[in-house]
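The values are calculated or read from the model by the stated rules, or taken from the named source; none is laboratory data. This structure is a prediction, so every number in the text was calculated from the model and none was measured. When we count neighbours, we look across all protein chains shown, and the Cβ atoms used for this are built from the backbone with ideal geometry, even at glycine. For the accessible areas, the whole protein counts, side chains as well, though only heavy atoms, and no ligand, DNA or RNA atoms are used. Shrake-Rupley method; radii C 1.70, N 1.55, O 1.52, S 1.80 Å.
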Amino acid sequence: MSDVNRPALSHERIRQLDHACLWHPFTPMQAWFEEDPVVIVHGDGNELIGDDGRRYLDGVSSLWCNVHGHNHPELNAAITAQLGRVAHTTLLGLTHVPAVQLAERLVGLAPPGLTRVFYSDSGATAEEAALKMALQYWHLSGQPGKTRFASLVQAYHGDTLGAVGVGYSETFHRFFKPVLADALRLTPPHVRRWRDRLSHDEALDLAVGEARDSIAREADVLAAVVVEPLMQGAAGMWPHPPDYLRALREATTEAGVLLVCDEVATGFGRTGTMFACEQAGIAPDLLCVAKGITGGYLPLAATLATERVHDAFLGPPAAGRTFYHGHTYTGNPLGCAAALASLDIFERERTLDRLGPKIHRLEQLLARHVAPLPHVADVRQRGVMVGIELAADATARRPYPAADRMGARVVLETRRRGVIVRPLGDVVVLMPPLSITADELERLVTVVRDAIVEVAGT
Ligand SMILES: Cc1ncc(COP(=O)(O)O)c(C=O)c1O
């Protein structure tokens, strides 16, 4: 192992310190203490390297954010160059070069009409800003009664309380229920297709009908409808057709309700286009982006708003219309520099043009190796976002008992075979970096297949 890859501490010492001092996110800690942790010390392209020198394919883009691979020389250089200028300076009362340059680029790339960029530092904070903007917008526009949000059943918009209120998941959020805002839940097409076993068209018709009726009925109190466009990620990778998104846009426009698109997961190429909204030909009033914005290098997020929303906040300071919201590291210059470099790579390497064949290849590999397995009930794909649903009885869609922890066990098995993926319950999620090669795609899918066969027994 080269010196640069050699950790400063022994594996045993790292394990001791980790178990003594760390509290890992989304991790059952008691089970964690029984595991020998994989310690990542280095990244190289689409692979991560452990302290024992083992190489792992990063099959989930380090939690859905890496875009062009790890340790990319251009991204490293952009961050280092900015570091030589200034690491952090605030956007409260000051401005800086990478923030304005990135804002101009984002406005140029985003769906039409989104002309204002409000920075923050994670997907959840981008979402919180959008929710508060929507509430204050209606208040300032003379409709203070519009205080409710609508969102999709099982949506996920982040872990801060406002975001949890619109993105409820029983498993994740039941402890916080008493303090959460009571969002109106719309049933997306997949729930009817899967639960009620309806055809694609029947499910879509019902979902659109329900959304139109509910939005029209609640128009007087609804501030915004919030949606993850085309793919509900954390719900278990559930796609909906562009027609559903178009219907939500039409219904919100007709009812005078804002539409917030949460592209935290789908943005920056994951669904095959820069933003998922493009595939439905719609533009929201507020757009949330994070994760892939910096190529997956640094925590940065943005909430983009239309001029109409932004202008409602204008007035003399004494009028008190200001959006009093922000975070210390809002628009951090290192993050903005990384984001600019990532967008340069998108252009120079024609990342999106080269993605189409990879998406197609992934589809073929999944159809050949994974979909026919007896314990795979469904394979859902949109772009490079994939969910593989495991079931005790795939035909009857009978799930495994939760105590079996099938998803977690399959993921451990893939890791033993040198591929890192993550489960969402019994859905195995694949979301490789856009830079993944054809060979690596094959390795990803065949390892996942072998792991499922090993754990499920067939
Ligand atoms: C659609 C969506 N919105 C928001 C978030 C929250 O992002 P973060 O973890 O950066 O707060 C996520 C994270 O997975 C997400 O998938």
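Some observations on this one:
- Given (1) on the phi > 0 side of the Ramachandran plot; (2) open to solvent by less than 20 Å² (accessible area, probe 1.4 Å), number of the condition Arg197 does not satisfy: (2)
- When segment 297-313 is filtered for residues that are buried (at least 24 other Cβ atoms within 10 Å of the Cβ), away from the ligand (no atom under 11 Å from the Cβ) and closer than 15 Å to Ala337 by Cβ, the ones remaining, listed by number, are Tyr297, Ala302.
- Count of residues meeting criterion [open to solvent by less than 10 Å² (accessible area, probe 1.4 Å), in a loop (DSSP other than H, G, I, E, B) and within 12 Å of the ligand (Cβ to nearest atom)] in segment 109-151: 0
- If the condition is being more than 11 Å from the ligand (Cβ to nearest atom) and under 16 Å from Gly167 (Cβ atoms), then segment 231-247 contributes Gly236, Trp238, His240.
- Condition met for Pro73 (open to solvent by less than 60 Å² (accessible area, probe 1.4 Å) and more than 22 Å from the chain's Cα centre (by Cα)): no
- Here Gln154 does not fit the description of being open to solvent by 20 Å² or more (accessible area, probe 1.4 Å), in a helix (DSSP H, G or I) and not β-branched (Val, Ile, Thr).
- Scope segment 241-282; condition in contact (Cβ under 8 Å) with a residue 60 or more places away in the chain and over 18 Å from Glu127 (Cβ atoms); matching residues: Gly269, Thr271, Gly272, Thr273, Met274, Glu278, Ile282
- Some residue of segment 22-33 being under 22 Å from the mean Cα position of the chain (by Cα), open to solvent by less than 80 Å² (accessible area, probe 1.4 Å), modelled with pLDDT of 95 or more and away from the ligand (no atom under 16 Å from the Cβ): no
- Considering the conditions (1) charged (D, E, K, R); (2) farther than 26 Å from Asn66 by Cα; (3) free of Cβ contacts under 8 Å to residues at least 24 places away in the same chain, Arg348 is excluded by exactly one of them, (2).
- Single match in Arg415, Arg405 (criterion: within 24 Å of the chain's Cα centre (by Cα), modelled with pLDDT under 95 and among the basic types (Lys, Arg)): Arg405
- Output for segment 79-105, where each listed residue is closer than 25 Å to Thr160 by Cβ and either crowded, with 20+ Cβ neighbours inside 10 Å or outside the structural domain of Ala339 (by TED's automatic domain parsing) (or both): Ala99, Leu102, Ala103
- Taken together, Val264, Val221 contain a single residue that is away from the ligand (no atom under 11 Å from the Cβ) and either closer than 22 Å to Gln136 by Cα or of a type in the set (A, V, I, L, M, F, W, C) (or both), which is Val221.
- For segment 397-414, filtering for residues that are open to solvent by less than 50 Å² (accessible area, probe 1.4 Å), assigned to a helix (DSSP H, G or I) and of a type outside the set (S, T, N, Q) leaves 6.
So that you can scan it fast, the table gives a plain yes or no per residue for (1) aromatic (Phe, Trp, Tyr); (2) outside the structural domain of Glu440 (by TED's automatic domain parsing):
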position: Asp285; (1), (2): no, yes
position: Val289; (1), (2): no, yes
position: Pro299; (1), (2): no, yes
position: His310; (1), (2): no, yes
position: Tyr324; (1), (2): yes, yes
position: Tyr329; (1), (2): yes, yes
position: Leu340; (1), (2): no, yes
position: Gly356; (1), (2): no, no
position: His369; (1), (2): no, no
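- Inter-residue pairs, beta-carbon under 8 Å, first assigned by TED's automatic domain parsing to the domain that holds Gly267 and in segment 433-444, second open to solvent by less than 40 Å² (accessible area, probe 1.4 Å), 6+ apart: none
- Across segment 157-183, the number of residues qualifying as in a helix (DSSP H, G or I), among the aromatic types (Phe, Trp, Tyr) and either touching a Phe, Trp or Tyr at 6+ places or on another chain (Cβ under 7 Å) or within 16 Å of the ligand (Cβ to nearest atom) (or both) comes to 2.
- Checklist (1) open to solvent by 20 Å² or more (accessible area, probe 1.4 Å); (2) within 16 Å of the ligand (Cβ to nearest atom); (3) among the aliphatic types (A, V, I, L, M) applied to Val67, failing item: (1)
Matching residues to (1) open to solvent by 10 Å² or more (accessible area, probe 1.4 Å); (2) modelled with pLDDT of 95 or more; (3) more than 24 Å from Gly295 (Cβ to Cβ):
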{"residue": "Phe323", "(1), (2), (3)": "yes, yes, yes"}
{"residue": "Asn332", "(1), (2), (3)": "yes, yes, no"}
{"residue": "Ala341", "(1), (2), (3)": "no, yes, no"}
{"residue": "Leu355", "(1), (2), (3)": "no, yes, no"}
{"residue": "Leu362", "(1), (2), (3)": "no, yes, no"}
{"residue": "Arg368", "(1), (2), (3)": "yes, yes, yes"}
{"residue": "Pro374", "(1), (2), (3)": "yes, yes, yes"}
{"residue": "Met385", "(1), (2), (3)": "no, yes, no"}
{"residue": "Thr395", "(1), (2), (3)": "yes, no, yes"}
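- Helices (runs of 4 or more DSSP H) lying entirely in segment 1-92 (those with 1 or more residues that are free of Cβ contacts under 8 Å to residues at least 60 places away in the same chain and of a type in the set (Asp, Glu)): 11-21
- Entry remark, segment 416-436: residues being surrounded by fewer than 18 Cβ atoms within 10 Å (Cβ to Cβ) and outside any loop (DSSP other than H, G, I, E, B) number 1 in total.
- Residue that is most open to solvent (accessible area, probe 1.4 Å), among those in segment 34-48 that are within 26 Å of the chain's Cα centre (by Cα) and of a type in the set (Asp, Glu): Asp44
- Criterion violated by Arg249 - all others in (1) within 24 Å of Val386 (Cβ to Cβ); (2) modelled with pLDDT of 95 or more satisfied: (1)
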